[in-house]
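J.: Supplied in structure tokens, the structure appears directly below.
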Amino acid sequence: MDIRNRIKTLTELINQANIDYHTKDQPTITDYQYDQYLKELRELEEAYPEYKEADSPTEKIGGLVLDGFEKVTHQVPMMSLSNVFNEEELRAFDDKVRKATTNYTYTSELKIDGLAVSLLYEKGLFKRAATRGNGVVGEDITQNVKTIKSLPLRLTEMIDIEVRGEIYMPHKSFKLANEDRMNAGEALFQNPRNAAAGTIRQLDSTIVAKRNLDLFVYTIVNATQYVNTQKDALEYLTHLGFKVNPHYAHLSDIDALIKQIESYDALRKTLSYDTDGVVIKVNEFNRYETIGYTAKFPKWATAYKFQAEQVETILKDITFQIGRTGVVTPVAELEPVFVSGTTVARATLHNEDYILAKDIRIGDAVVVHKAGEIIPEVLHVVKEKRTNQTPFMMINTCPVCGHELIRHEGEADYYCSNPECPGKNINSLIHFASRVAMDIDTLGEKVVEMLHELGYLNTIADIYRLKDYRDELVEIPGFGEKKVEKLLSAIETSKTQTLDRLLFGLGIKHVGAKVAKTLIKHYPTMDSLRQATAEDLLHIPEIGDMIAISIETYFSDPKKIELIEDLKNLGLNMTHEVVQAVAHEFNGKTIVLTGKLNLFSRDQATDIIEKLGGKVASSVSSKTDFVVAGEDAGSKLKKANELGIPVMDEQAFKEKIDGYN
């Protein structure tokens, strides 16, 4: 027997069987024959590893154990979509498209409730898979994605291509996975999406293989290199061997689209996987640049979200929790009920006015849903089922420290009057250290709570004094030398965080991340902001009365001033670095980066351009001044050439910025 040829033949047979069964849903061989072929191939590969094919289906069995996941920078960011929730909003979306362009059609595709993934192929062979991450940087999950049986390891054409799709867990796989966890005495997965996300981040690919994840592919990166419309893209993806969701449609106008969505709403209840909406795209790619983009979303696409499921249950109790700013929020304790994919036992009641307006009482039958399919919320009371429930009365003392609650005129929330309230302090510490604020790695919620209980953390400034207790921290169960060093290093690094992150981290009422960024543009030092009056702040267009008064009140509090001085003495950054305009040809220019850069990361190049007074845009248009083209530059380079926009390679870019970076 010619071993090499037999391995090649078996590889082709099994890969084709996988496509027929998992992609086309048209099996051509029996399960027994498939298992026999796979067994023979595995044995031959073990005996003759030098003959193993690059696209061997034995890769789908898993077996590799990783230490962790490498970071991957997406050459083209994985953008999110805006949402619409009803016909009125759909028509408003269409109105905006129609104002921007003409002669367009739509495609509609089911929005799969899973985990976004980017897949890279070189010369037709599967090379890499990466998670969406933050849209710019994701994680390499190649070994785990290889275990998905519907993933083609070799395409029907020997091309270089990047595609994107959604990894999901079918209902059948979800049920089996939870049966396994129940038998092992482990906590059950709450829904298929969480199960898929947790599975794909397993370090042992054998576990991933057992969970039987699946994949739908729905878009091509730089698609105009291959096709001209989204409909053509879906057909081309199918031709290449990818599994494409069959329930897509090409629609002539908004009326046809609305009718199609109505049919989807009925269809979704019959599917073997979860879907939470419909993705709508303008079909013609040559309209995209004209329609445009926001900072986060393409304007030529949106996601229609299905109406949230509404379920009736019993309100057993109303409890209260305290947030980082001292706001006391009523919470509904419910008879557990399954809503939109998860078991819900608690739901927000917002505030006293919300409860009184809906006349919600303990013991009532209530209808709950998930606001935006995420946050459980009580919609209304089923009053015909009410017996003799007592009307709601708001508490007047803090549920944590017992101090008086206060409610300011014109506001709906109650606040704990105790500035040293332990409940408020813990939440303030957790927020300050969180990823969205000061991003102190390893100082998560549980660690903060434990260090607070042990007396090490009572104020924000105490975080920066933990280094004085290094030897004591090492002795805490679960810590040890390595963890303590990592924690202290992360705390030290956080001192250099930007001023807007520090402002947001302080938890000033009404000052979110966006407001903090706005403030530092007008007040680039902590001292200058401290001196600003509410009247001064109102000169900033984005700042209203409520925010201005809140900031003035915060910096009028002697304890807050003491904290700021403490943090300054501990070495935290209190200044926003203002980028000064320089005499450089990039100053005031719009620049697009495309292709793979070898001398700089995309972030480094962007940072340099911005320091030189330039602006980095994501797409090429008539307003673009320069294009910097790295290796494998695609449609953006082509468009720049068509528009006559100056193009420089990475070496020319380096020469232009030498001496400035």
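J.: What number goes with the only condition from (1) closer than 28 Å to residue 277 by Cβ; (2) out of contact with any helix residue (DSSP H, G or I) (no Cβ under 7 Å at 6 or more places or on another chain) that residue 180 does not pass?
T.: Against the list (1) closer than 28 Å to residue 277 by Cβ; (2) out of contact with any helix residue (DSSP H, G or I) (no Cβ under 7 Å at 6 or more places or on another chain), residue 180 comes up short only on (1).
J.: I'd like the full set of residues that are of a type outside the set (D, E, K, R) and either within 18 Å of residue 497 (Cβ to Cβ) or exposed (fewer than 14 other Cβ atoms within 10 Å of the Cβ) (or both), limited to the stretch 529-543. Write out each step before concluding.
T.: Going through the stretch 529-543, the residues of a type outside the set (D, E, K, R) turn out to be 529, 531-534, 537-541, 543.
Result: 529, 531, 533, 539, 541.
J.: Still on this structure: So, of the residues in the stretch 544-557 that are at pLDDT 90 or above and in a helix (DSSP H, G or I), which turns out to be surrounded by the most Cβ atoms within 10 Å (Cβ to Cβ)?
T.: 551
J.: Shifting gears a bit: Tell me yes or no: at least one residue of the stretch 150-161 is more than 24 Å from residue 224 (Cα to Cα), free of Cβ contacts under 8 Å to residues at least 12 places away in the same chain and assigned by TED's automatic domain parsing to the domain that holds residue 204.
T.: No, that holds for no residue.
J.: Sort through 145, 117, 137 and tell me the only one that's over 30 Å from residue 231 (Cβ atoms), assigned by TED's automatic domain parsing to the domain that holds residue 215, touching a strand residue (DSSP E or B) at 6+ places or on another chain (Cβ under 8 Å) and not charged (D, E, K, R).
T.: Testing whether each residue is over 30 Å from residue 231 (Cβ atoms), assigned by TED's automatic domain parsing to the domain that holds residue 215, touching a strand residue (DSSP E or B) at 6+ places or on another chain (Cβ under 8 Å) and not charged (D, E, K, R) leaves just 137.
J.: Being crowded, with 20+ Cβ neighbours inside 10 Å and among the small types (Gly, Ala, Ser) is the filter here; which residues of the stretch 125-149 pass it?
T.: 129, 130, 138
J.: Could you list, in sequence order, the residues of the stretch 223-282 that are in contact with a helix residue (DSSP H, G or I) (Cβ under 7 Å, 6 or more places away or on another chain) and assigned to a strand (DSSP E or B)?
T.: Those that are in contact with a helix residue (DSSP H, G or I) (Cβ under 7 Å, 6 or more places away or on another chain) and assigned to a strand (DSSP E or B): 229, 249, 250, 251, 275, 278, 280, 281, 282.
J.: Which members of the stretch 99-121 meet the condition of being among the charged types (D, E, K, R) and either under 15 Å from residue 251 (Cα atoms) or within 27 Å of the chain's Cα centre (by Cα) (or both)?
T.: Selection gives 109, 111, 113.
J.: If you go through the stretch 282-294 one residue at a time, do you hit one that is more than 26 Å from the chain's Cα centre (by Cα) and either hydrophobic (A, V, I, L, M, F, W, C) or on the phi > 0 side of the Ramachandran plot (or both)?
T.: For the stretch 282-294, residues more than 26 Å from the chain's Cα centre (by Cα) and either hydrophobic (A, V, I, L, M, F, W, C) or on the phi > 0 side of the Ramachandran plot (or both): absent.
J.: Need pairs with beta-carbon distance below 8 Å; first residue on the phi > 0 side of the Ramachandran plot and within the stretch 493-508, second assigned to a loop (DSSP other than H, G, I, E, B) and charged (D, E, K, R); sequence gap 6+ or separate chains.
T.: Listed pairs, sorted by first residue: 507/324.
J.: Could you please give the count of residues in the stretch 618-661 that are crowded, with 17+ Cβ neighbours inside 10 Å, without any contact (Cβ under 8 Å) to a residue 40 or more places away in the chain and either closer than 17 Å to residue 588 by Cα or over 28 Å from the mean Cα position of the chain (by Cα) (or both)?
T.: The number of residues fulfilling the criteria is 6.
J.: Any residue at all in the stretch 389-407 that's within 21 Å of residue 570 (Cβ to Cβ) and among the β-branched types (Val, Ile, Thr)? Quick ask: steps written out before the conclusion?
T.: Going residue by residue through the stretch 389-407, those that are within 21 Å of residue 570 (Cβ to Cβ) are none.
No.
J.: Filter the stretch 239-282 down to the residues that are farther than 21 Å from residue 219 by Cβ and of a type in the set (A, V, I, L, M, F, W, C), then identify the one that is surrounded by the most Cβ atoms within 10 Å (Cβ to Cβ).
T.: 254
J.: Residue 288 versus (1) outside any helix (DSSP H, G or I); (2) modelled with pLDDT of 95 or more: which is the lone unmet condition?
T.: Of (1) outside any helix (DSSP H, G or I); (2) modelled with pLDDT of 95 or more, only one is false for residue 288: (1).
J.: Within the set of pairs 6+ apart or on separate chains, which have a first residue in the stretch 254-276 that is of a type in the set (Ser, Thr, Tyr), a second that is assigned to a helix (DSSP H, G or I) and modelled with pLDDT under 90, and C-beta atoms under 6 Å apart?
T.: That search, which allows pairs on different chains as well, returns 272/171; 275/268.
J.: Still on this model: Being crowded, with 19+ Cβ neighbours inside 10 Å, outside the structural domain of residue 168 (by TED's automatic domain parsing) and either of a type outside the set (A, V, I, L, M, F, W, C) or within 25 Å of the chain's Cα centre (by Cα) (or both) narrows it down to one residue among 332, 347, 301; which is it? Outline the logic, then answer.
T.: On the way: 332 fails: either of a type outside the set (A, V, I, L, M, F, W, C) or within 25 Å of the chain's Cα centre (by Cα) (or both); 301 fails: outside the structural domain of residue 168 (by TED's automatic domain parsing).
Within the list 332, 347, 301, the selection yields 347.
The values are calculated or read from the model by the stated rules, or taken from the named source; none is laboratory data. Small disclaimer: the values here were computed from a predicted structure and weren't measured. Please note: Cβ atoms are built from the backbone with ideal geometry, for glycine as well, and neighbour counts cover all protein chains shown.
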